[in-house]
Amino acid sequence: MTAAPSRAIEALTVDGLSVSFTVAAAGWPRRKRQVGTLAAVSDVSFTLAPGEGLGVVGESGCGKSTLARAIAGLAQPTSGVVRLGNQTLSSRRSRSTSRRIQMVFQDPASSLNPRMTVRSMLTEILRVHEIVDRSQVGQRLEELMRMVELPPGVLDQRPRALSGGQRQRVGIARALAPLPELIILDEAIASLDVSVQAAVLQLLRTLQGELGLAMIFISHDLSAVRGLCARVAVMYLGRIVEVGPVEEVLARPAHPYTRALIAAEPSLDETRLPGAAGLAGEPPSAINLPTGCAFRNRCPVAQDSCADSVPTLNPDAHHDQACFFPIDTVVPAASQA
Ligand SMILES: Nc1ncnc2c1ncn2[C@@H]1O[C@H](COP(=O)(O)OP(=O)(O)O)[C@@H](O)[C@H]1O
Ligand SMILES: [Mg+2]
């Protein structure tokens, strides 16, 4: 049986989380020392039950990584709180609280120390977090290898000797070693070959089932999200614009941005959503956000009034969305033919 003690797993609450950066504003002469505030994450709130999977999608620059880092204690929130159960996790985390939320990054090659063997890297983590007695370290390391479906011989390799898929499995083992309650995977399969992606996704599904581990799965790949997560949150310029059960959101997106993301992924646009077009251009700079709805400059259904105030998440008939003119999610009979 397991050499590691089991621990209670608690729900995650993210409440009003914002992260902004002070940056030199482009086009302004540096000598005047004019700076801008870049709102990377704005007023994000959600909860995640123990063992639940939440996908986070949105274009590059929409704040997904910054949100992940703030939840994991790697970025300092400007406001808002992150809680697990009743415990508020500040951005300066003690060892015992940092243990509880772990991250897996996109590029395993650059996130693993090239000089250390897998064994020494994982042993260090077990030691720092006091996960098992010294006498049980070897057994726990082999168990971690089994969990990520790697042969025990990998323990004595350095990252360079491993394939991309093996390295990412080591990245996952490293995240699992401190017995987290939640792991956040930030584009963790994006740099792998397609066949390797499928195998790693399958592994993540197995781990979810076996460990009851909650996951936040950040991805550009909506079908990967659908395969792994019960819920999905769509981010646009720092805000969640739509969130709900994944099948529901993908089949009946209420926000025009979600609809455009789905239309851009032809394999998912099975229902041929009426009026859906792909996305033109890129999100505007997060330094000078437009007033009101940040999506209105690219939105096919925007009205003048969308400039007046920032739309907040509202529960509509099916799930939460933040658009003043949500798309009628009832597909007209004529377009179903
Ligand atoms: N350390 C930082 N300093 C300044 N700006 C940052 C920093 N990290 C991220 N940003 C900016 O915050 C915004 C969100 O970035 P990010 O969270 O990486 O988005 P995503 O992961 O969705 O691509 C972007 O405009 C990015 O340039
Ligand atoms: Mg990112």
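The values are calculated or read from the model by the stated rules, or taken from the named source; none is laboratory data. All values derive from a computational prediction rather than experimental measurement. Please note: Cβ atoms are built from the backbone with ideal geometry, for glycine as well, and neighbour counts cover all protein chains shown. With ligands, DNA and RNA removed, areas are computed over all heavy atoms of the protein, side chains included. Shrake-Rupley method; radii C 1.70, N 1.55, O 1.52, S 1.80 Å.
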### Query
Which order do Ile125, Ile101 take when ranked by solvent-accessible area (1.4 Å probe, heavy atoms of all protein chains), largest first?
Ile125, Ile101
### Interchain or long-range residues, amide H under 5 Å from Val232's placed H
Gly55, Gly244, Val246
### Summary
Within the stretch 216-247, the residues whose backbone N lies under 19 Å from a label point placed 7 Å from the Cα of Asn297 along the Cα-to-Cβ direction are 235-241
### Summary
Taking Rh as the Kirkwood radius computed over alpha-carbon pairs of the chain and applying Stokes-Einstein at 25 °C with viscosity 0.890 mPa s, one gets a diffusion coefficient in µm² s⁻¹ of 115
### Query
Accessible area, 1.4 Å probe, largest first: how do Met116, Met215 sort?
Met116, Met215
### Query
Between Ala24 and His318, what is the spin-label point distance in nm, taking each point 7 Å from the Cα along the Cα→C-beta axis?
4.7
#### Entry: Estimated vicinal HN-Hα couplings, Hz - the stretch 166-173 in sequence order (Karplus 6.51, -1.76, 1.60; Gly, Pro = x)
5, 4, 5, 5, 5, x, 6, 4
### Task
Just flag the trypsin sites (Lys or Arg not before Pro) in the stretch 83-118 sitting in loop per DSSP whose Cβ has no more than 16 other Cβ atoms within 10 Å.
Arg92, Arg93, Arg115
### Contour excess over end-to-end distance, with Cα ends at Ala230 and Ser120 and 0.36 nm allotted per residue
36.0 nm
### Task
Pull up all non-local amide H partners of Val41: gap of 5 or more, or a different chain, and H-to-H distance under 5 Å with H placed in the peptide plane.
Val19
### Task
Express the accessible area of the chain per residue in Å², computed with a 1.4 Å probe while the remaining protein chains stay in the model.
48
#### Entry: GNM top mover of Pro290, Pro178, Pro50 - the chain, alpha-carbon springs below 10 Å
Pro290
### Query
Percent of accessible area on the chain owned by carbon and sulfur, 1.4 Å probe?
50
